[in-house]
1. As an exercise: evaluate P86 against (1) under 22 Å from R216 (Cβ atoms); (2) in contact with a helix residue (DSSP H, G or I) (Cβ under 7 Å, 6 or more places away or on another chain) and give the number of the one condition it does not meet.
2. Does I93 satisfy the condition of being closer than 16 Å to F225 by Cα, surrounded by fewer than 19 Cβ atoms within 10 Å (Cβ to Cβ) and without any contact (Cβ under 8 Å) to a residue 12 or more places away in the chain?
3. Consider L50 carefully, then state whether it is farther than 20 Å from W168 by Cα and modelled with pLDDT under 95.
4. So, in the range 39-55, of the ones that are without any contact (Cβ under 8 Å) to a residue 40 or more places away in the chain and assigned to a helix (DSSP H, G or I), which residue ends up farthest from L124 (Cα to Cα)?
5. Quick check on my filter: what residues within the range 154-187 are aliphatic (A, V, I, L, M) and either closer than 22 Å to F52 by Cα or free of Cβ contacts under 8 Å to residues at least 12 places away in the same chain (or both)?
6. Could you look through the range 49-90, keep only residues that are of a type in the set (G, A, S) and surrounded by fewer than 16 Cβ atoms within 10 Å (Cβ to Cβ), and pick out the one that is farthest from V199 (Cα to Cα)?
7. With respect to P17, determine if the residue is at pLDDT below 95 and out of contact with any Cys (no Cβ under 8 Å at 6 or more places or on another chain).
8. Which residue out of V64, V28, V83 is part of a loop (DSSP other than H, G, I, E, B), modelled with pLDDT of 95 or more and aliphatic (A, V, I, L, M)?
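The values are calculated or read from the model by the stated rules, or taken from the named source; none is laboratory data. All values derive from a computational prediction rather than experimental measurement. Methodologically, a virtual Cβ is constructed for each residue, glycine included, from the backbone with ideal geometry; neighbour enumeration extends over all protein chains shown.
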Amino acid sequence: MAFSGPDIVVQMTISQPQNEFPFTAMLVGSAAVVTCLYLVVLTGDADLSLYFGNVSPVLAVALVCATGILALYALHRNSGFSVYDPYCFRKGIRVAVALVLPFMIIMTFVDVAFRFPPDINVALPTAMLFYPAIGYVAQIALHVAPFAILLSLTKLLFKTRSTTWCVWLSITIASAFEATFQAVSSLDGDGLSTIAGIVAVILWLFGVAELYLYRRFDFATMYAFRIFYYCYWHLLWGNLRIHWLY
């Protein structure tokens, strides 16, 4: 598979991992994520029960971060996935920007057409803590961890298939986890609404793009892709829509 754009040609090849897994950086990053969510809890500006139910958000996030280290390490060691590679990141960041723009445009049109609820965004300044942390949690819990498990299973079950085939099958399935989570949480007495169905499809494509970036470049590129989107959707557009649409 190839993505082409201005001065960009990307092929679905196997990236080379770092010589050593960045355990220290991952521990520091995980501590930062847990701290951010703890500070969000103290502010009371976000309803974290939407994400974690009755479980303590800090405990849940700590468990997700621990799971993330294990999943990223397994993918690094067994399948050649990098957490951060400076050369790959420099190349990947341009592709991440090119891939995220269509999602920004499409979701804006969907919002204008169907009108999401006005309170779907966490307000500033809490948003500056919330979205980088919850973005990491979403990527690990709903993409990386399921992908790591699925890739191990597909390699075991389909030994005659190529690694690329197993990777893409796993990407296709793992990308549905966040879309399914969103769809289920949107169910009401009338079933799945039109807008919820549209968003689920978009989220599935979003997950495919994320895991493609992880495979082709590194996890840092995958995370940057989501943060670019959050900066637009939750911060820029999230504030404009309140004054323009409502």
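1. (2)
2. Details: closer than 16 Å to F225 by Cα: yes; surrounded by fewer than 19 Cβ atoms within 10 Å (Cβ to Cβ): yes; without any contact (Cβ under 8 Å) to a residue 12 or more places away in the chain: no.
Spelling it out, it is not the case that I93 is closer than 16 Å to F225 by Cα, surrounded by fewer than 19 Cβ atoms within 10 Å (Cβ to Cβ) and without any contact (Cβ under 8 Å) to a residue 12 or more places away in the chain.
3. Numbers: farther than 20 Å from W168 by Cα: yes; modelled with pLDDT under 95: yes.
It is true that L50 is farther than 20 Å from W168 by Cα and modelled with pLDDT under 95.
4. Step one: of the range 39-55, the residues without any contact (Cβ under 8 Å) to a residue 40 or more places away in the chain are 41-42, 44, 47-49, 52-55.
This time we only want the ones that are assigned to a helix (DSSP H, G or I), so: 41-42, 49, 52.
Working: V41: 15, L42: 15, S49: 19, F52: 22 Å.
In this case the residue turns out to be F52.
5. Step one: of the range 154-187, the residues aliphatic (A, V, I, L, M) are 156-157, 167, 169, 171, 173-174, 176, 179, 183-184, 187.
L156, L157, A174, A176, A179, A183, V184, L187 - these are the residues of the range 154-187 that are aliphatic (A, V, I, L, M) and either closer than 22 Å to F52 by Cα or free of Cβ contacts under 8 Å to residues at least 12 places away in the same chain (or both).
6. So the residue we want is G80.
7. On the way: at pLDDT below 95: yes; out of contact with any Cys (no Cβ under 8 Å at 6 or more places or on another chain): yes.
So P17 fits the description; yes.
8. On the way: V64 fails: part of a loop (DSSP other than H, G, I, E, B); V28 fails: part of a loop (DSSP other than H, G, I, E, B).
Answer to the check: V83.
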